[in-house]
Each structure stands twice: as structure tokens, then as C-alpha cells.
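Chemist: The structure's right below; bear with me while I get my questions together.
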Amino acid sequence: MRTLLRIGFINLRRDRVVLAMVFVLPIVFFSIFAVVFGGQQDPATSRIRIAVVDEDRSEVSARIVAGLQNEKGLRARTTADEAGKQPPLDRAAAERLVRDGDLPVAVVVPRGFGGSFAENGFAGGTGPPIQLLSDVSDRIAPQVVLGLIQKVAMTAAPDLLMQGGMRQFEKYGGGLTPQQKAAVAEWMPRLRPPDKTGQASSPTAAGLAVAVDVVDVMRTDNRRGSLISFYAAGIGVMFLLFSAVGGAGGVLLDEAESGTLDRLLSTNLGMTGLLVGKWILLALIACAQLTVMFLWGRFVFGLPLFSHLPGFAVMTVATASAGAALGLVLATLAKTRAQLQGFSTILILTMSALGGSMFPRFLMSETMQKIGLFTFNAWALDGYLKVFWRQAAVWQLWPQLLVLGTATLVFLALARMLARRWEAA
Amino acid sequence: MSSRVLSVDNARKRFGQAVALDGASLELQQGELLALLGPNGAGKTTLIRAIAGRVRLDGGEITLFDRAVDGRHTPPELGIVPQDVALYPLLTARENLEVFGSLHGLAGPALSKQVAWALELTALADRARAPVKDFSGGMRRRLNIACGILHAPRVVLLDEPTVGVDPQSRDRIYDVLADLARSGVSLLLTTHHLEEAEARCSRTVIIDHGRVIAAGTLSELVEQTVGRYRLVTLRLDASVPDDSAVALRVNGEEITVDAADARIVKARMRDVAADLPPLLERIRLAGRSVEDVEVRGPSLQSVFIHLTGRELRE
């Protein structure tokens, strides 16, 4: 028994890749997930970013806008830029921000909202409701904002609510006596919210609700299907990377070990020809893998694949090309299969976590979203989301295609450079 | 009339501090089957890889058909049979041949014809459609050779082509190589097997520490090194008496007593018929009788030991 333990410990100590896999990998992943999902590191930027459009320009709407801006859970902007220097947003501009994925939610206080409030209070009457323009891809932000609108409406304007209530009372229940009016006047200032905090609370506000219409600005033909496309792309891209790296490792390391690489290099095929050939093979396999994934999504989960074919095709070719090239880089970098296995597992899982394959990036903090842009997955997923959620035309995919295309060329050049070690010594 | 097809002149190569080739030179003639013999680490594989354009020399020159080999590309006249069985195990024999044939520029009927020829030559025609993973070691070795000669190269380099195969398969492989040599192909092979080099190759080059230390036919090598002596080994019924060692000399040649077994006596004799009877008589006079006698002619083994001071497998 002691001998067996001794053999095991010696092997473990001398195989650094295995050692790293056993001890370092779990710590790396724990840290990544703690940062991605915990979000404690950057509370300032984990607030939900929203746009607020005040079409009403009444005292009530101004109070609500100010309340939303003071709300700690939100970062509300009323102008086209976050600094507030540009002109106020109109409804179309706010909707565009949501459609383009810059913000998950926009709040529109429509014209006539204040007038209706004066007549009926928040809840009653037939006045126009507040509109919440949202992106269905984000299931959480609209719900949070919806709740906060209720809170802000109640806490930002309890005095106005009370005034409205008193008017209603006087209209239907008869006028107040001078003593009653004096009592109300004395009590009213206490309902006014403290400046800036928006935190005043009042038992009088309880039990009422502001009418809010949630408007899906994405207008997708199949919401469930669109959501499925996120998972198809996320999981598809992650496994594409695994299979590309595995395939490339098989292509280069196994061939080098078996001697077929030497034999191939002694034919008319040079190293460049060999790498390009292998890259095309890996890219075709990756394309097929993504296509099968999306077809499964189409027939089993109703993913709207056929109505988005051009965008899907362009993104799939770009993603597969870059993934295959990355696979070649890793395979040319690693000296052994074990190294490739260990290193690529760490890299792919890290990129998948940061790049949104496991957890949507739009739900991460702003800092994590920016870090995610350094990963391959983020650009690939952004492209697929543009196609299936934002209904983007093919030309609108140019930033993603540019990044993935550049990455492909850089990866191929890097792989060619690293592959020199297999050429004549 | 043979003509030179390959020449290596003063080849030098270092890998870090290790000297792999230290001025090695050799020539290969047309239709010749040349054995490159040497212990492990002598520089055989480096030399083969340099000729194949897979190792860049630090110094010296390699010319193939009077054109310099640049160390970057494998010349098209060359066929390479690597030491490893460099085949795709999931592909059939025919598919492997087709793959490597087309990478050598063969296509269409020419490819089919060469594949059929290579399968026939290596006696694998009946297993053409079987995946290589199901092949025996000897069959894999033969297919490994077939893939290297498929494009009809004029010079073939073989690195340990018979390693790890049984004697029958080894004979079959050498039959293939002899066929090729007869058809005018020049072959240079590295081997550990002295008997193979001795029996099957027309000439032998012995390399050690990156240098060629002898080259020629077996008789030339014998003349150059050990001479025309026979080695006579006698096993006695008891140990040779300590004081008889000086007395037991034949024609001035010292008789050696085996260090491990004092009953075994070895002597080098130029003329066995004349020199052996006096030795037997002296043994009788010393009170010993002979249980066994072995007479061996000069071999590559003795040449090799003479030149390198060690057995080939050290």
C-alpha cells in the first residue's frame, strides 16, 4: 500500500500539468465565478443602466425622473450621453439604445401622465401609463426596474399623491373644514421626500401601484426561440473550442508523435500548406458542429433559424474560422497532449465564463462585460445575439466580423510561427 | 557501371552542447544497398534526417544527383521510410498509400498504378482493404516502406526498417529492398543488426561519435581492421593453470583466458590447420582435455568491436 502511495505521489509531483489541474484549476474557476456571479468587487458598476424619457414635463414626471436618478440600484440617464451634456433623449433614441443592446431598459413617462395623476392619482383613471421599453433577452432588469418605478413613484411624490387624494375627497365627499385643511397643510410637508435620497417612505403610499406598460422593443417573432438561440450559441461556441483544440491537438501532436507529421513534411506539402489544410478541416468541422446545434434548436426548441439564415451563416463561418485558428495556436504551443489538455481546459472554460457562454454577459457588471471583450466567446455570442435577438442585418455584424476575422489572421500567423519547431532543426 | 547519386561531405551538426555529426562523409552509388551501422547516439538518424532535408547542417555539404540539399525541403528524388511506423491506423492500407501518393503529386491512373505496384511489392495486396490498426508489426513495417517508395524515388532512405519485427518479416523486407536495388534504386539504411548488414547489404558504413570510422564491403572492412584471422574458442574440462598462460602462445599470438570463465580459452589464428594442433597438444600436456572447439571467421561484429571497442548495442 505504501509503495502504491509512493508511486502516486511521485507521479503527481513530477507531472506539473496534472498538479495544476488538481490544485490551480479549481482555484482559478472559483475566482472567476466569484467575480462574474458575485459582483461584489465592483458594486458601482453592477447597477442597472437605464434611459429615462420625460415626455410629460410635469411636476410629477420630473419627480419620477429625479427619483429614478437617485435610486441606488439604477444608473439612469436622460440624455444621449451618460455625462448629461447632450440634449435630452426622446422616445425613439431611447428605444434605439435598447434595441442596439446598449441598455436593457428605457423608461418613458408619456405626455398626459401628470394630468391624469392630478385627476386620478397613480392608479386610477384612463391616463397613459408609464412605458417600460425592454429587451426580452434580459429577463431580470425589466422586472427590477418595474419594481423600482413603483417604489420611486410612491416615495418621490407622496405629497402630490396626497394632494390628488384630497382633491378627490373634496370632489366626491364634500369640502374640508378650515381645521381639517390646516391639519392637512401641516401634515403635507412631512410627505415631501428628503432631497436627493428618494428614500422617504410613508404608510400612505402603501397599497397603491403605478400603471406601467412593459413594451418589448425587440419585437422578435419567437421570444422563446430567441432565448434558445442564446444557449445554442453559448454552448455551441464553447464546445466548438473544445473540439477545435482537441482536433488540432490530434492533428499536430499525435502526428508528430506517430511520425506521420515528418512524413507529411517530406512530401510536396510544406508546413504552411499543412497548417492551412488542417485549419480548413477544423473550421469545416466547427461549422458543421454549430449547424447541427442550431438545427437541433430549430426542430426541438423552435429556434427561428430559417428566418435568420444569412446572419447565422456569416457568424458561423467567422466563429468557426477563428475557433479553428485558436485551436491550432494551442496545439502548436503545447509540447505534449497532457499540456494541451490542461492548458486548453483552463483557457476555454475561463473564456466561456467571461465571454458569456455560461452566463449572459449583459447580466454581468460593466467591468466584467469589458473584460469579457478580450475573449473570443464574447464577440461570437454578441454576433449571434445581434442576429437572433436584435434582428440585425448582416452588414450590422461588421464589428464582430472584423474582430473575429482579425483574430483568425493573428491566430494563424501565431500558429505558423510556433510550428517552426517541427520544421528542419 | 555504378555512378554516385548521393554524397555527404564533412557533415557537422550540434544540438546545444551535444555533437551529433562531427565531419561525417559518405557516398551512395546507384543501385547500391548501403548499411549505415553504429551504436545508439552515433549520429545515424541525424545524418539520415539531414539528407532528407529535415535537419539543417552547421557545416559540410550534402549533394543529391550533384545538387546541394538545402536542409529545408525534401528533394523529390528521395523516398523516406522513417523509424516510426508513420501511418494512419484507422485508414486501410490502400487509403494510406493513396493519401501519401497524392501528397507526392500522384493522381488518377498513375496513382492507382503505383498503389497496386507498392501493394504487390510488399505482399499486402490481399490486405489492401483492411485498416492498418489490425495489421501485425511486420505488415505495418512493410506498408511503412511502401508509403516511402510509392512515388518511385531514385534514392530511398530507411531508418531502422526492420526494428521490432520477426525474422520472417525481416527477410521479406530485405527481399523488397533487394528488388528495388536490382531495379536501379539506391538505398541507404540504418540498422542495429550486424548480421543483416553483413548478409544483405552491398556495402557498410560504420559511424561512431558523429564520424564515419570505416566504409567498404565486408572483406574490405575485415582487411582494413581485424585482418584474415580466425577466432578459435576452446572449452576445457577445468580451469587453465595460472602458470600456463605464457606457455600457451601460438605463432607469437597471445592466448586469452576468459575472465568470467577460466575454462574458456580464445586464440586468433591465421592458419587453423597449422596452428590448432600444437595448441591442443599443449593443453593435453597441461593436464586438461578439450570439451568443445569453435572456429569463427572474421565478421562485421569483430570489425565493429575492433573499431569502436564496444558491442553494437552498448
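Chemist: Restricted to the stretch A:218-233, and to residues that are of a type in the set (Gly, Ala, Ser) and touching a Pro at 6+ places or on another chain (Cβ under 8 Å), which residue is modelled with the lowest pLDDT? Spell out the reasoning first.
Modeler: As a first pass, look at the stretch A:218-233 and keep what is of a type in the set (Gly, Ala, Ser): A:225-226, A:229, A:232-233.
So of that shortlist, the ones also touching a Pro at 6+ places or on another chain (Cβ under 8 Å) come out as A:225-226, A:229.
Numbers: A:Gly225: 54, A:Ser226: 60, A:Ser229: 76.
It comes out as A:Gly225.
Chemist: Among the numbered criteria (1) within 34 Å of the chain's Cα centre (by Cα); (2) under 18 Å from A:Gln69 (Cα atoms); (3) at pLDDT 70 or above; (4) of a type outside the set (D, E, K, R), which one does A:Pro158 miss?
Modeler: With (1) within 34 Å of the chain's Cα centre (by Cα); (2) under 18 Å from A:Gln69 (Cα atoms); (3) at pLDDT 70 or above; (4) of a type outside the set (D, E, K, R) applied to A:Pro158, the lone miss is (1).
Chemist: Please state which one of B:Leu78, B:Leu103, B:Leu90, B:Leu26 is over 22 Å from B:Ala214 (Cβ atoms), out of contact with any Ser or Thr (no Cβ under 7 Å at 6 or more places or on another chain) and surrounded by 15 or more Cβ atoms within 10 Å (Cβ to Cβ).
Modeler: B:Leu78
Chemist: Among what's in the stretch B:153-181 and is hydrophobic (A, V, I, L, M, F, W, C) and within 14 Å of chain A (Cβ to nearest Cβ), pick the residue that is farthest from the chain's Cα centre (by Cα).
Modeler: As a first pass, look at the stretch B:153-181 and keep what is hydrophobic (A, V, I, L, M, F, W, C): B:155-158, B:163, B:165, B:173, B:176-178, B:180-181.
In the following step, the residues that additionally are within 14 Å of chain A (Cβ to nearest Cβ) were identified as B:155-158, B:163.
On the way: B:Val155: 17, B:Val156: 14, B:Leu157: 12, B:Leu158: 10, B:Val163: 11 Å.
My answer is B:Val155.
Chemist: Quick one: how many residues across the stretch B:174-230 are in contact with a Gly (Cβ under 8 Å, 6 or more places away or on another chain) and aliphatic (A, V, I, L, M)?
Modeler: Total meeting the criteria: 4.
Chemist: Restricting to the stretch A:255-275, count the residues that are touching a residue at least 12 places away in the same chain (Cβ under 8 Å) and farther than 23 Å from B:Gln83 by Cβ.
Modeler: 2
Chemist: Something else: Wholly within the stretch A:345-425, which helices (runs of 4 or more DSSP H) include no fewer than the required count, namely at least 2 residues that are more than 20 Å from the chain's Cα centre (by Cα)? Full working, then the answer.
Modeler: Working: elements: A:366-372, A:376-388, A:398-418.
Fully inside the stretch A:345-425 and qualifying: A:398-418.
Chemist: Follow-up. Take the stretch A:356-397 and flag every residue that is under 17 Å from A:Gly234 (Cα atoms) and among the basic types (Lys, Arg).
Modeler: A:Arg361, A:Lys386, A:Arg390
Chemist: Sticking with this structure for a sec: Hey, could you check the stretch A:291-326 for residues that are over 20 Å from A:Asp382 (Cβ atoms) and of a type outside the set (Val, Ile, Thr) and say which is farthest from the chain's Cα centre (by Cα)?
Modeler: Per the criteria, the residue is A:Phe299.
Chemist: Among (1) within 14 Å of chain A (Cβ to nearest Cβ); (2) within 21 Å of the chain's Cα centre (by Cα); (3) in a strand (DSSP E or B), which single condition is B:Leu47 missing?
Modeler: Only one criterion in (1) within 14 Å of chain A (Cβ to nearest Cβ); (2) within 21 Å of the chain's Cα centre (by Cα); (3) in a strand (DSSP E or B) is unmet by B:Leu47, namely (3).
Chemist: Filter the stretch B:95-151 down to the residues that are among the aromatic types (Phe, Trp, Tyr) and within 12 Å of another protein chain (Cβ to nearest Cβ) and list them by number.
Modeler: Result: B:Phe100, single match.
Chemist: Within the stretch B:18-31, can one find any residue that is more than 23 Å from the chain's Cα centre (by Cα) and within 14 Å of chain A (Cβ to nearest Cβ)?
Modeler: There is at least one residue in the stretch B:18-31 that is more than 23 Å from the chain's Cα centre (by Cα) and within 14 Å of chain A (Cβ to nearest Cβ).
Chemist: Moving on. Looking at the stretch A:368-425 only, could you name the residues that are of a type in the set (Lys, Arg), farther than 15 Å from A:Val314 by Cα and away from chain B (no Cβ under 14 Å)?
Modeler: A:Lys370, A:Arg390, A:Arg416
Chemist: If you take the residues of the stretch B:129-139 that are surrounded by 15 or more Cβ atoms within 10 Å (Cβ to Cβ) and more than 27 Å from A:Gly273 (Cβ to Cβ), which of them is nearest to the chain's Cα centre (by Cα)?
Modeler: Filtering the stretch B:129-139 for residues surrounded by 15 or more Cβ atoms within 10 Å (Cβ to Cβ) gives B:131-132, B:135, B:138-139.
Subsequent filtering for residues that are more than 27 Å from A:Gly273 (Cβ to Cβ) retains B:135, B:138-139.
Values: B:Phe135: 25, B:Gly138: 18, B:Met139: 20 Å.
Top of the filtered list is B:Gly138.
Chemist: So, one more: If I go through the stretch A:226-266 residue by residue, how many of them are among the polar types (S, T, N, Q) and buried (at least 21 other Cβ atoms within 10 Å of the Cβ)? Write out each step before concluding.
Modeler: First, the residues of the stretch A:226-266 that are among the polar types (S, T, N, Q): A:226, A:229, A:243, A:258, A:260, A:266.
After this cut, where a residue has to be buried (at least 21 other Cβ atoms within 10 Å of the Cβ) as well, the list is A:226, A:229, A:260, A:266.
Qualifying residue count, the stretch A:226-266: 4.
Chemist: Can you pull out the residues in the stretch B:20-41 that are more than 11 Å from B:Asp208 (Cα to Cα) and either touching a Leu at 6+ places or on another chain (Cβ under 8 Å) or aliphatic (A, V, I, L, M) (or both)?
Modeler: Correct list: B:Leu26, B:Glu27, B:Leu28, B:Glu32, B:Leu33, B:Leu34, B:Ala35.
Chemist: To continue, here is another question. Which of the residues belonging to the stretch B:1-39 are among the charged types (D, E, K, R) and in contact with a Lys or Arg (Cβ under 6 Å, 6 or more places away or on another chain)?
Modeler: Going through the stretch B:1-39, the residues among the charged types (D, E, K, R) turn out to be B:4, B:9, B:12-14, B:22, B:27, B:32.
Passing the criteria: B:Asp22, B:Glu27.
Chemist: Another question about this same structure. Could you tell me whether any residue of the stretch B:154-167 is within 17 Å of B:Val81 (Cα to Cα), among the polar types (S, T, N, Q) and out of contact with any strand residue (DSSP E or B) (no Cβ under 8 Å at 6 or more places or on another chain)?
Modeler: Checked against the condition, which is being within 17 Å of B:Val81 (Cα to Cα), among the polar types (S, T, N, Q) and out of contact with any strand residue (DSSP E or B) (no Cβ under 8 Å at 6 or more places or on another chain), the stretch B:154-167 yields no hits at all.
Chemist: Let me ask something else about it. Exactly one of (1) under 27 Å from A:Leu261 (Cβ atoms); (2) in contact with a helix residue (DSSP H, G or I) (Cβ under 9 Å, 6 or more places away or on another chain) is unmet by B:Arg203. Its number?
Modeler: The single condition B:Arg203 does not satisfy is (1).
Chemist: Restricting to the stretch A:73-85, give me the number of residues that are more than 21 Å from the chain's Cα centre (by Cα), loosely packed, with under 13 Cβ neighbours inside 10 Å and at negative phi.
Modeler: Matching residues across the stretch A:73-85 total 2.
Chemist: If you don't mind, there's one more thing I want to ask. Does A:Val210 qualify as being at pLDDT below 80, touching a strand residue (DSSP E or B) at 6+ places or on another chain (Cβ under 8 Å) and under 30 Å from A:Arg99 (Cα atoms)? Step through it out loud before you land on a result.
Modeler: Details: at pLDDT below 80: yes; touching a strand residue (DSSP E or B) at 6+ places or on another chain (Cβ under 8 Å): yes; under 30 Å from A:Arg99 (Cα atoms): yes.
Judged against the criteria, A:Val210 is a match.
Chemist: For the stretch B:73-113, which residues satisfy the criterion of being farther than 20 Å from A:Asp254 by Cβ and more than 28 Å from the chain's Cα centre (by Cα)?
Modeler: Once the filter is applied, which keeps residues that are farther than 20 Å from A:Asp254 by Cβ and more than 28 Å from the chain's Cα centre (by Cα), the stretch B:73-113 yields B:Arg94, B:Glu98, B:Ser102, B:Gly105, B:Leu106, B:Ala107, B:Gly108, B:Pro109, B:Ala110, B:Leu111, B:Ser112, B:Lys113.
Chemist: Can you tell me which of (1) within 11 Å of chain A (Cβ to nearest Cβ); (2) closer than 30 Å to B:Phe135 by Cβ; (3) loosely packed, with under 15 Cβ neighbours inside 10 Å is the one B:Phe15 doesn't meet?
Modeler: Of (1) within 11 Å of chain A (Cβ to nearest Cβ); (2) closer than 30 Å to B:Phe135 by Cβ; (3) loosely packed, with under 15 Cβ neighbours inside 10 Å, only one is false for B:Phe15: (2).
Chemist: Follow-up question, since we're still on this one. Checking the conditions here, which among B:Leu87, B:Leu106 is under 11 Å from A:Arg263 (Cα atoms) and part of a loop (DSSP other than H, G, I, E, B)?
Modeler: Criteria check complete, one pass: B:Leu87.
Chemist: If you don't mind, another one. Give me a count of the residues in the stretch B:58-78 that are at the interface with chain A (Cβ under 10 Å from one of its Cβ atoms) and either of a type in the set (Lys, Arg) or closer than 20 Å to B:Asp159 by Cβ (or both). Don't jump to the end; show me each part of the working.
Modeler: Within the stretch B:58-78, the first condition is being at the interface with chain A (Cβ under 10 Å from one of its Cβ atoms), and the residues that meet it are B:70-76, B:78.
With either of a type in the set (Lys, Arg) or closer than 20 Å to B:Asp159 by Cβ (or both) added as a condition, the list becomes B:71-76, B:78.
Going through the stretch B:58-78 one residue at a time, the tally reaches 7.
The values are calculated or read from the model by the stated rules, or taken from the named source; none is laboratory data. Model, not experiment: these values are computed from the prediction. Backbone-built Cβ (ideal geometry, glycine too); neighbour counts: all protein chains shown.
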